[in-house]
1. Within region 252-279, can you find the residues that are part of a loop (DSSP other than H, G, I, E, B), crowded, with 19+ Cβ neighbours inside 10 Å and touching a residue at least 60 places away in the same chain (Cβ under 8 Å)?
2. Looking only at residues that are within 34 Å of the chain's Cα centre (by Cα) and more than 28 Å from His267 (Cα to Cα) in region 176-224, which one is surrounded by the fewest Cβ atoms within 10 Å (Cβ to Cβ)?
3. For region 291-321, what are the residues that are among the β-branched types (Val, Ile, Thr) and either farther than 24 Å from Pro90 by Cα or surrounded by fewer than 24 Cβ atoms within 10 Å (Cβ to Cβ) (or both)?
4. Would you check if there is a residue in region 98-110 being in the same structural domain as Glu301 (by TED's automatic domain parsing), more than 15 Å from the ligand (Cβ to nearest atom) and over 30 Å from Glu14 (Cβ atoms)?
5. Among residues belonging to region 51-82 that are within 15 Å of the ligand (Cβ to nearest atom), within 20 Å of the chain's Cα centre (by Cα) and of a type in the set (A, V, I, L, M), point out the one that is nearest to His120 (Cα to Cα).
6. How many residues are touching a helix residue (DSSP H, G or I) at 6+ places or on another chain (Cβ under 7 Å), polar (S, T, N, Q) and within 13 Å of Ala288 (Cβ to Cβ) when one looks only at region 252-273?
7. May I ask you to verify whether Glu107 is acidic (Asp, Glu), touching a residue at least 40 places away in the same chain (Cβ under 8 Å) and within 30 Å of Leu189 (Cβ to Cβ)?
8. Pick from region 280-290 the residues that are surrounded by fewer than 24 Cβ atoms within 10 Å (Cβ to Cβ) and assigned to a loop (DSSP other than H, G, I, E, B): which of them is nearest to the ligand (Cβ to nearest atom)?
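The values are calculated or read from the model by the stated rules, or taken from the named source; none is laboratory data. This structure is a prediction, so every number in the text was calculated from the model and none was measured. When we count neighbours, we look across all protein chains shown, and the Cβ atoms used for this are built from the backbone with ideal geometry, even at glycine.
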Amino acid sequence: MSSSPIRLTWRTREAPPEICGAALTTLREGDPCATLIEGDNLAALAALADTRGGQASLVYLDPPFFTGRQHRQVTRRREASGVFSREEQPAFDDRWDGLHAYLTALEARLHYARALLAPHGSLVLHVDPKTSHYAKVLLDELFGPDCFASEIVWRYRRWPSKTQNFQRVHDVLLRYVRDPDVEPRFCQLYEPLAASTRATWGTRKQRAVVSDGRRQRSSVSDAESPGAPLGDVWEIGIVAPVARERTGYPTQKPEALLTRLVSALTHPGDWIVDPYVGSGTTLAVAAALGRSAHGIDQNPEALRLCEARLTKRGITASRLRLSTEQERAPLSKASPSPAGASAKQPSKLPIAS
Ligand SMILES: C[S@@+](CC[C@H](N)C(=O)[O-])C[C@H]1O[C@@H](n2cnc3c(N)ncnc32)[C@H](O)[C@@H]1O
């Protein structure tokens, strides 16, 4: 499997579990471009890999970040009196029996997520600096170091925390391609030219003047510049409390972030999978950009929010569910769920015979 000479080890590390017989059944036929699956993403990814392996242009994973917290969903309602009320309910559990349990669960999901990728496809894993270094070594192992494509730093601004340290204001998005010998989907995006470039060159396209294979100087052409090719540090605002896209779901990612990924890494009509779909940012963006997408989540309330978001765009999502036999299957040691997983979140690993 691995072509990386470096291997991460931890207590209890085993090969990702082999999952046989995971199956999905239709709960509701809706728009085939937006499909939601309720249940544990490991079994769902294995089932998708069986039927649609090698077809996804993008798998985007935004797992819990190993925060050690139970995340809560906030619902705000305007009462008849005009006063806003606020209700909180548990959304998802991010408490683990240690880093080894977190990495074990992540590795198994990455293994099946990779199996979904088309030869031109990319996997993007969204993590934070607590775990990104481990995740990168795991991905190097799983894909091979040649498949590493980008480490995108998403830089945002938020209310400062009281800390005798630099403020933590970035996440890390690791992008790996499925096959280093196949040209991956990549549509060039641009960002505004730097003020210093505009001051020197204006807004027309620069052209390198090359001699002896080296750039000697630049000149400008008559064509207007589209901007500078987008770099790997992205400054995008978090979803503000008053933003129209805000759902109240914890850790909701901004549509602007997913719009960049989806526009750069897929073509219209391509298939995208998000195994930790949460409030459905990926599916909302995919629908807006004419891509089809599957989203998986074990929290029914997350899927309800995601459906509501799609309904606003005139889309009734299709629904699939894991077969009952898998839901009854015993918890596997090889895929621990968060330490405090509640009954509402069946993190079961169906190893069906
Ligand atoms: C960080 S949130 C995703 C947020 C999402 N990107 C958004 O913009 O709203 C992680 C989600 O993964 C779900 N989740 C965690 N572990 C899971 C598992 N094993 N199977 C399915 N869903 C899981 C949680 O319920 C939660 O909704």
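1. Passing the criteria: Lys253, Thr266, Asp270, Pro275, Tyr276, Val277, Gly278.
2. Ala195
3. Thr311, Ile315, Thr316
4. Among the residues of region 98-110, not one is in the same structural domain as Glu301 (by TED's automatic domain parsing), more than 15 Å from the ligand (Cβ to nearest atom) and over 30 Å from Glu14 (Cβ atoms), which makes the answer no.
5. Leu58
6. Matching residues across region 252-273 total 1.
7. no
8. Per the criteria, the residue is Leu289.
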